[in-house]
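Student: Sharing a structure with you now.
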Amino acid sequence: MTVFCGIDWAEAHHDVALVDQDGTLLAKRRISDDAAGYRLLLDLLAEYGDRPDEPIPVAIETSRGLLVAALRTGKRKIFAINPLAAARYRDRHGVSRKKSDPGDALVLANILRTDMHAHRPLPDDSDLARAVAVLARAQQDAVWSRQQIGNQVRSLLREYYPVALDAFLGKQGGLARPEARAVLAAAPTPRAAARLTLPQVRAALKRAGRVRGIDAEAERIKTALRAEQAHQPPLVEDAMGAQLLALLAQLDAVCRAADDLAKAVEASFLQHPDAEIMLSFPGMGVQLGARVLAETGDDRERFADARALKAYAGSAPITRASGKKRFVGRRFIKNNRLANAGHQWAFAALKASPGADTHYRRRREHGDWHAQAQRHLFNRMIGQLYHCLQTRQPFDEQHAFTSSSADLAVAA
């Protein structure tokens, strides 16, 4: 007897439903979100024929958490069903639009019974690849948070302290630089900057880790912070200075987190067997390679071919045709993290690879906008990455980009 399992996930408990190949409900149970609940679920599956060589497939609305980790044993296929897709399937079983947790579990089980072939199971990635994914995504989130808080600091300084922007925004890293954060913490208002002495600026720069050109930089910063500007009323200025100190504390924390996570990402990524091949590609650094590995995984059977990977990354165009109308455009449904990494990868490859630069320029000559040409280059290079990982060979510039004009003009 073929059995299918559906689990409606919640924070405190989970509803489980088992159905056979005819759609008959065999069992339903509510389990707690703890070790005892997980054991109860495994016992229930074993009662209805779950075996290591033929495990019961499971449909659930999430791909993360301890429950999924407890189920990811042996050869079991776990299908993470999008909640929107589950809602569409729910309408097939009734028009009243009623909803309940046990009913959702039954819907998920029936999705596998009727359309399991149309859904993709969770990839069978190695533990190391999954660890890299956790670290790379956390580091990317930290970078995004750093940028967001930095924008808040910039917006605040424009309201009462514009000379500080002139002093630091022209430098690489801008307001996220340790020197900028240290000096602003010592002089959070224009009045405090007017009282700031050269020894105090030097001390702030040393605390930030600067070891060269301290005297010249201190003089430049002191002059810039004392430049003429309009002022807010004293009470308002002090209040904004207090707000700046609070934002700087958040910015310091997220900058340290991003740096610490970057070191952890590098240590984990370089241990992976795919790292050497990925780093052979132009424009691919350790952090960027880890982000690509995090989203593509190391399950070689996850994507049927390079076209599937390109569609997943959002680099391949999508065609919408109806009657006499036909439209070819970019994909909106994609892995956004992988698409973001691909944008950076294609941009970095322009200087690192003559073939990539030539390919980009030919796309621009054929009428592509900058973003279109970059997406086209990413589409080609991720296809090459798929080939290299499948065949276990590094990137080869001569084979990747030919001198043929016709080849360079054809879409990858």
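Student: Hey, can you tell me all the residues within region 3-38 that are in contact (Cβ under 8 Å) with a residue 40 or more places away in the chain and assigned to a loop (DSSP other than H, G, I, E, B)?
Tutor: Trp9, Ala10, Gln21, Gly23
Student: Only one residue in Arg326, Arg330, Arg375, Arg363 is touching a Pro at 6+ places or on another chain (Cβ under 8 Å), among the basic types (Lys, Arg) and open to solvent by 30 Å² or more (accessible area, probe 1.4 Å), so which one is that? Talk me through it step by step, then tell me what you get.
Tutor: Details: Arg326 fails: touching a Pro at 6+ places or on another chain (Cβ under 8 Å); Arg375 fails: touching a Pro at 6+ places or on another chain (Cβ under 8 Å); Arg363 fails: touching a Pro at 6+ places or on another chain (Cβ under 8 Å).
Exactly one residue qualifies, and that residue is Arg330.
Student: Within region 249-260, is even one residue over 30 Å from Pro199 (Cβ atoms), open to solvent by less than 20 Å² (accessible area, probe 1.4 Å) and either in a helix (DSSP H, G or I) or of a type in the set (A, V, I, L, M, F, W, C) (or both)?
Tutor: Looking through region 249-260, at least one residue is over 30 Å from Pro199 (Cβ atoms), open to solvent by less than 20 Å² (accessible area, probe 1.4 Å) and either in a helix (DSSP H, G or I) or of a type in the set (A, V, I, L, M, F, W, C) (or both).
Student: Could you tell me which numbered condition His399 fails, if it satisfies all but one of (1) in contact with an Asp or Glu (Cβ under 9 Å, 6 or more places away or on another chain); (2) open to solvent by 60 Å² or more (accessible area, probe 1.4 Å); (3) part of a helix (DSSP H, G or I)?
Tutor: (1)
Student: Quick check: anything in region 155-166 surrounded by fewer than 18 Cβ atoms within 10 Å (Cβ to Cβ), within 14 Å of Glu217 (Cβ to Cβ), free of Cβ contacts under 8 Å to residues at least 40 places away in the same chain and of a type in the set (Lys, Arg)?
Tutor: Checking region 155-166: not a single residue is surrounded by fewer than 18 Cβ atoms within 10 Å (Cβ to Cβ), within 14 Å of Glu217 (Cβ to Cβ), free of Cβ contacts under 8 Å to residues at least 40 places away in the same chain and of a type in the set (Lys, Arg).
Student: Also, I was wondering about something else. For region 278-293, check the following and say yes or no: at least one residue is open to solvent by 50 Å² or more (accessible area, probe 1.4 Å) and out of contact with any helix residue (DSSP H, G or I) (no Cβ under 7 Å at 6 or more places or on another chain).
Tutor: The answer is no, given that none of the residues of region 278-293 is open to solvent by 50 Å² or more (accessible area, probe 1.4 Å) and out of contact with any helix residue (DSSP H, G or I) (no Cβ under 7 Å at 6 or more places or on another chain).
Student: Confirm whether Pro102 is open to solvent by 30 Å² or more (accessible area, probe 1.4 Å) and assigned to a helix (DSSP H, G or I). Lay out the reasoning, then the answer.
Tutor: Numbers: open to solvent by 30 Å² or more (accessible area, probe 1.4 Å): yes; assigned to a helix (DSSP H, G or I): yes.
Yes: the conditions hold for Pro102.
Student: If you don't mind, there's one more thing I want to ask. If Leu84 satisfies every condition in (1) free of Cβ contacts under 8 Å to residues at least 12 places away in the same chain; (2) more than 32 Å from the chain's Cα centre (by Cα) but one, which is the exception?
Tutor: Among (1) free of Cβ contacts under 8 Å to residues at least 12 places away in the same chain; (2) more than 32 Å from the chain's Cα centre (by Cα), the lone unmet condition for Leu84 is (2).
Student: From (1) open to solvent by less than 50 Å² (accessible area, probe 1.4 Å); (2) in a helix (DSSP H, G or I), pick out the condition that doesn't hold for Asp215.
Tutor: Tallying (1) open to solvent by less than 50 Å² (accessible area, probe 1.4 Å); (2) in a helix (DSSP H, G or I), Asp215 fails exactly one: (1).
Student: Exactly one condition in (1) closer than 30 Å to Asp274 by Cβ; (2) in a loop (DSSP other than H, G, I, E, B) is false for Gln139; which is it?
Tutor: All conditions are met except number (2).
The values are calculated or read from the model by the stated rules, or taken from the named source; none is laboratory data. The shown structure was predicted, so the numbers you read here are calculated from the model rather than taken from an experiment. Cβ: placed from backbone, ideal geometry, glycine included. Neighbour counts: every protein chain shown. All accessible areas refer to the heavy atoms of the entire protein, side chains included, with ligands and DNA or RNA removed. Shrake-Rupley method; radii C 1.70, N 1.55, O 1.52, S 1.80 Å.
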